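These notes are about the structure you will find just below.
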Amino acid sequence: MNFLDWFPILLWPAALLYALVCTLIVLWTTKEPTTRQYVVAILAIPAIPIENYLLTNSGESLALLFDSYFAFVVVGAFCCAAFFPVYFSRWTVASRPGVLILCALLGPALLFFGSNVLIQDYALTRLVVEGAVSRLSVEKVSRRATEYQVTIETKRFWTTPLLFETLHVGDRVRAEIGKGSQYTFKLERIPGTG
């Protein structure tokens, strides 16, 4: 296994450790609220390329897919939690009404979207589809990663590149599909056909 195979697995423990270290740095370095905001903004810069990586490569593996939806949950929970300290003026921010509106609108939406997909994919039973592969397609959407789609009978689902490469039109398969993301989690060929 190379680093890119381990990256999705190690992402959240590394992110939590980085957040803890950054919190300690912010608390120890300055007591002035304005300076503290600048330090927090500078320390948050590494999150930008990581989020970009998750958004552009979420379809490459099921671990990255989980990470990208879990990122929505984390950001949504942070926005919801940040609303109350800003509202009660424990945190001084440059534009208090703007931050309150952003947290009130963005937080619950991201939290609901991410948790809804994760619950449907991992907590509920998966959708089981049997039939012949009628179409295989690859789509490139702007800067996002290439999306691999497989159509079983008449229903279209998404899949990872490794699984996509093993399929051929006409194969008869039995697939387990995540109800939230519509991704193929498990696929097996039906013996004696295809």
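Could you please tell me which pairs satisfy a Cβ distance under 6 Å, a separation of 6+ or placement on different chains, a first residue in region 1-20 that is within 22 Å of Ala41 (Cβ to Cβ) and of a type in the set (A, V, I, L, M), and a second residue that is open to solvent by 90 Å² or more (accessible area, probe 1.4 Å) and at pLDDT below 75?
Hits for this filter: zero, empty list.
Scan region 16-38 residue by residue and report those that are part of a helix (DSSP H, G or I), within 18 Å of Val86 (Cα to Cα) and not basic (Lys, Arg).
Matches in region 16-38: Thr23, Val26, Leu27, Pro33, Thr34, Thr35, Gln37, Tyr38.
In contact (Cβ under 8 Å) with a residue 40 or more places away in the chain, open to solvent by less than 20 Å² (accessible area, probe 1.4 Å) and of a type outside the set (Phe, Trp, Tyr): which single residue out of Val173, Val128, Val150 fits that description?
Going through Val173, Val128, Val150 in turn, the sole match is Val173.
What number of residues within region 41-61 are open to solvent by 50 Å² or more (accessible area, probe 1.4 Å) and part of a helix (DSSP H, G or I)?
10
The values are calculated or read from the model by the stated rules, or taken from the named source; none is laboratory data. Here the structure is a predicted model, which is why all the values come from computation and not from measurement. All Cβ positions, glycine included, derive from the backbone under ideal geometry; neighbour counts span all protein chains shown. Ligands, DNA and RNA are stripped out before the accessible areas are found, and what is left, the full protein with its side chains, is counted by its heavy atoms. Shrake-Rupley method; radii C 1.70, N 1.55, O 1.52, S 1.80 Å.
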